[in-house]
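*Asks:* The following block contains the structure, expressed as structure tokens.
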Amino acid sequence: MALIQPSLSEDEKYLQLDAPNMPTLKVPINVSEIPKNEQEVIQSRVWRMDIKGKYCGEVAEVWLSTFFDKPNFKLIFLDNLPPKVLTEDPLLGYLGKTGDILAYQDSTPYLMIGEASLNDLNGKLDNPVTMQHFRPNFVISGTTAFQEDNWTHLKIGARGVSLRKVKYCQRCTITKVDPETGIMHDNEPLKTLKSYRLCGKDSPHKRVYLDNPLFGINLAPDVVGTVRVGDTIYASTE
């Protein structure tokens, strides 16, 4: 799945998916343009929570099933259906606030990692990894390694966007997948991360993180808006 590259069409009417040896898939963002006999709502489940989605059509299903070489891969779109409510999550709900919503993400809509944190990890690896291994929404510069761990609230730029740290991001085996080849490596970078980035055994959040290493912070929006590359970040700390 790491090899699938999403993009927005120039007219902003289509989600486009590209992958090796596959034609470009164009999925209408306005799902009413999908043939009426294919328009349906599908029930799905992401970890502990059920969430519905609008079926994006047989063309997308055939494309995905062909690429994965397995049947019945369906693409769904939340659109105007009810989102997940973080406070209703039986494991993570206590970390959220009223109004925290998300679609198909595990816990929050956004992930932030500092370049210095990646540099620190790469200094311990025989074969450096890239930021793409960790798939953050926001990559920040000008900080020390893991300085973002201590941030609680952030303001980005001069347009009032405000984000709140909900939790650290516990990392899984997906980080071992080379984003350029789609091949999963045996141990790294997870093995090295586990050597120095585990949650303390006495932490009240140990039941959330277990023995998964922490890398990056998961964020929820308090004030939404537009951010741009190069914006200054203003952060408050614990």
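The values are calculated or read from the model by the stated rules, or taken from the named source; none is laboratory data. In this text the structure is predicted, and so the values were computed from the model without any measurement. Quick reminder, even Gly has a Cβ in these numbers, built from the backbone with ideal geometry, and neighbours come from all protein chains shown. When the accessible area is computed, the model is the full protein with side chains, heavy atoms only, and any ligands, DNA or RNA have been set aside. Shrake-Rupley method; radii C 1.70, N 1.55, O 1.52, S 1.80 Å.
*Asks:* Going by accessible area, probe 1.4 Å, with all protein chains left in place, what is the ranking of Y94, Y196, largest first?
*Replies:* From most accessible down to least: Y94, Y196.
*Asks:* Helix 58-68 against the longest principal axis of the chain: what's the angle in degrees, Cα atoms only, rounded to the nearest 10?
*Replies:* 50
*Asks:* Related question: In the stretch 29-124, which trypsin sites (Lys or Arg not before Pro) fall in coil by DSSP and have 11 or fewer other Cβ atoms within 10 Å?
*Replies:* Passing both the DSSP loop test and the Cβ count: K97.
*Asks:* Short version: ³J(HN,Hα) in whole Hz for each residue of the stretch 124-132, in order, from phi by Karplus 6.51 cos²θ - 1.76 cosθ + 1.60 (θ = phi - 60°), x for Gly and Pro, what are they?
*Replies:* The phi angles translate into 9, 9, 6, 10, x, 10, 10, 4, 5 Hz.
*Asks:* At 1.306 mPa s and 10 °C, plugging the Kirkwood radius over alpha-carbon pairs of the chain into Stokes-Einstein gives what diffusion coefficient in µm²/s?
*Replies:* 80
*Asks:* Okay, moving on. Can you give the percent of C-alpha pairs in the stretch 141-225 whose distance is more than 19 Å? Provide the component values of the computation, followed by the final result.
*Replies:* Numbers: 1837 of 3570 pairs.
The proportion of pairs with Cα distances above 19 Å equals 51 percent.
*Asks:* Sort 206-218, 106-118 for me by packing, meaning the mean count of neighbouring Cβ atoms within 10 Å per residue, highest on top.
*Replies:* 106-118, 206-218
*Asks:* Length gain on complete extension for the stretch A145 to R207, per 0.36 nm per residue less the alpha carbon to alpha carbon distance?
*Replies:* 19.8 nm
*Asks:* With a Förster radius of 25 Å, plug the Cβ-Cβ distance of L78 and T173 into 1/(1 + (r/R0)^6) and report the FRET value to the nearest 0.05. Write down the numbers at each step before the final one.
*Replies:* Numbers: r = 26 Å, r/R0 = 1.05.
Between L78 and T173 the formula returns 0.45.
*Asks:* Sort T192, T226 by heavy-atom solvent-accessible area, probe 1.4 angstrom, most to least. Walk me through the numbers before you get to the answer.
*Replies:* On the way: T192 15, T226 75 Å².
The residues order as T226, T192, largest area first.
*Asks:* Report relative contact order for the stretch 134-238 in percent, whole number only (criteria: Cα-Cα under 8 Å, sequence separation at least 6). Intermediate results must be reported in sequence, preceding the final value.
*Replies:* On the way: 151 pairs, mean separation 44.2, N = 105.
Once normalised by length, the contact order is 42 percent.
*Asks:* Let me ask something else about it. For the stretch 195-211, take each phi angle, set θ = phi - 60°, evaluate the Karplus expression 6.51 cos²θ - 1.76 cosθ + 1.60, and give the result in whole Hz per residue in order, putting x for glycine and proline.
*Replies:* Coupling constants for the stretch 195-211: 6, 8, 10, 8, 5, x, 5, 9, 5, x, 9, 4, 5, 7, 8, 6, 10 Hz.
*Asks:* Once phi is turned into ³J(HN,Hα) by the Karplus curve 6.51 cos²θ - 1.76 cosθ + 1.60 with θ = phi - 60°, what whole-Hz value does each residue of the stretch 162-167 show in order, with x for glycine and proline?
*Replies:* 10, 10, 10, 6, 9, 6
*Asks:* What is the log10 of I(q)/I(0) for the stretch 1-110, computed with the Debye formula using one identical point scatterer on each Cα and no solvent, at q = 0.14 Å⁻¹?
*Replies:* Reported log10 I(q)/I(0), two decimals: -0.66.
*Asks:* How far is it, in nm, from the label point at T98 to the one at A158 when both lie 7 Å from their Cα along the line to the Cβ?
*Replies:* Using points 7 Å along Cα→Cβ, the separation is 3.5 nm.
*Asks:* Could you tell me the distance between the Cα centroids of the stretch 6-46 and the stretch 114-155, to the nearest Å?
*Replies:* About 32 Å separates the Cα centre of the stretch 6-46 from the one of the stretch 114-155.
*Asks:* Go ahead and estimate [θ] at 222 nm for the chain from helices alone: -39,500 (n - 2.57) per DSSP H run with n ≥ 4, summed, over the residue count, rounded to 500.
*Replies:* Mean residue ellipticity, 222 nm, calculated: -3500 deg cm²/dmol.
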